[in-house]
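A short write-up of the structure that comes next.
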Amino acid sequence: MSYTAVLFDLDGTLVQSDEGILNCVEYALAECGYAVPPRESLRSFIGPPLPAEFARVTGCRPEEADRLTAKYRERYKPIGIFECRLYDGVFELLTALHAAGVKTAVATSKPTVFAARVLAHFGLESVVDALVGSELDGRHSGKEELIALACEKLGVSDRATVAMVGDRRFDMEGAKAAGVVACGVTYGYGTEQELREAGAEILAASADELRGILL
């Protein structure tokens with residue numbers, strides 16, 4: 001089909017960011033007095049809102065989850081945010097969509113202030129038409145809400161012609177709830193099974209394959 005707009009998750013979709021995120025999670029847990037589990041078990045932090053994941057992993061109360069999140073950001077702001085790289089083919093994908101007149105946006109639960117720094121770091125502002133992220137206090141972190149805000153920001157009225165691209169179930173579930181096409185990528189942090197069970201209508205194994213599908 002022909003898409004008028006494509007929305008992208010950030011971590012695990014445009015950017016391989018596990019090193020910085022996991023380093024900061026380990027830092028927060030250690031600084032707040034928690035035992036640090038094996039790194040592989042912490043990969044669940046990539047994607048969902050941080051306070052909710054800290055609460056789930058540690059069993060702590062909301063105010064303690066907020067303290068852990070603040071400690072995470074203590075390292076993330078100056079260091080962790082740049083411990084990442086673009087996935088192969090991502091810049092070419094965004095450039096091709098932009099050249100074809102397809103509107104693009106990043107819809108991420110990462111706070112907008114941090115997401116904007118990542119886009120600027122990789123020079124993506126010229127090929128991304130809009131950025132919609134969460135607030136530092138956790139507001140606007142649900143994927144359905146982010147997708148709706150991105151569509152509004154892009155001026156898109158027919159959501160059936162919009163694709164949401166992401167690597168985790170949160171992206172697919174948000175896409176289905178928001179009425180846009182759910183497109184999963186298997187090169188990120190979610191599994192093919194997770195994406196299919198969450199309602200992915202399209203799957204791509206690379207940014208190059210995704211370009212062929214979207215264009």
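Compute for the stretch 18-82: radius of gyration divided by Kirkwood radius, i.e. Rg/Rh, restricted to C-alpha atoms, rounded to two decimals.
0.91
Take the Cα atoms of the chain, find their three principal axes, and give me the spread along each one in whole Å, biggest first.
52, 33, 29
Figure the gain on full extension for residue 215 and residue 58 (residue separation times 0.36 nm, minus the Cα-Cα span) and round it to one decimal in nm.
Roughly 52.2 nm would be gained on extension.
By average Cβ neighbour count within 10 Å, what is the ranking of 127-134, 155-162, 52-59 from highest down?
For the peptides 127-134, 155-162, 52-59, the packing ranking is 127-134, 52-59, 155-162.
Once the Cα atoms of helix 169-178 and of the chain are each reduced to a long axis, what angle between those two axes, in degrees from 0 to 90 to the nearest 10, is obtained?
Result, in degrees: 50.
Taking 8 Å as the Cα distance limit and 6 or more residues as the minimum spacing, I'd like the relative contact order of the stretch 70-181 as a percentage.
Relative contact order, the stretch 70-181: 21 percent.
Report, in degrees rounded to the nearest 10, the 0 to 90 angle that the Cα long axis of helix 62-76 makes with the longest principal axis of the chain.
70
Between helix 112-121 and the chain, what is the angle of the helix's C-alpha long axis to the longest principal axis, kept within 0 to 90° and rounded to the nearest 10?
70
Could you run the Karplus curve 6.51 cos²θ - 1.76 cosθ + 1.60 with θ = phi - 60° over the stretch 46-61 and give me ³J(HN,Hα) per residue in whole Hz, x for Gly and Pro?
Calculated HN-Hα couplings, in order: 7, x, x, x, 4, x, 5, 6, 4, 5, 5, 6, 9, x, 7, 7 Hz.
Grab the other residues whose beta carbon is less than 13 angstrom from that of residue 80, score K and R as +1, D and E as -1, and report the net.
0
Arranged from highest to lowest average of other beta-carbon atoms within 10 Å per residue, in what order do the peptides 26-39, 84-97 appear?
84-97, 26-39
Would you please give the FRET efficiency between residue 153 and residue 35, computed as 1/(1 + (r/R0)^6) with r the Cβ-Cβ distance and R0 = 41 Å, to the nearest 0.05?
Given R0 = 41 Å and the Cβ-Cβ separation, E is 0.45.
Karplus couplings for the stretch 79-91 from phi (6.51 cos²θ - 1.76 cosθ + 1.60, θ = phi - 60°), rounded to Hz, Gly and Pro as x?
10, x, 4, 9, 8, 7, 8, 6, 5, 4, x, 5, 4
Using the Karplus curve 6.51 cos²θ - 1.76 cosθ + 1.60 with θ = phi - 60°, what ³J(HN,Hα) values do you get for each residue of the stretch 140-148, in whole Hz, with x for Gly and Pro?
For the stretch 140-148, the Karplus curve yields 6, 9, x, 5, 4, 5, 4, 5, 4 Hz.
Read-outs throughout are calculated quantities, based only on the coordinates presented, and are distinct from any laboratory measurement. Remember, predicted model here, so these are calculated numbers, not experimental data. So basically every Cβ, Gly included, is an ideal-geometry build from the backbone, and we count neighbours across all protein chains shown.
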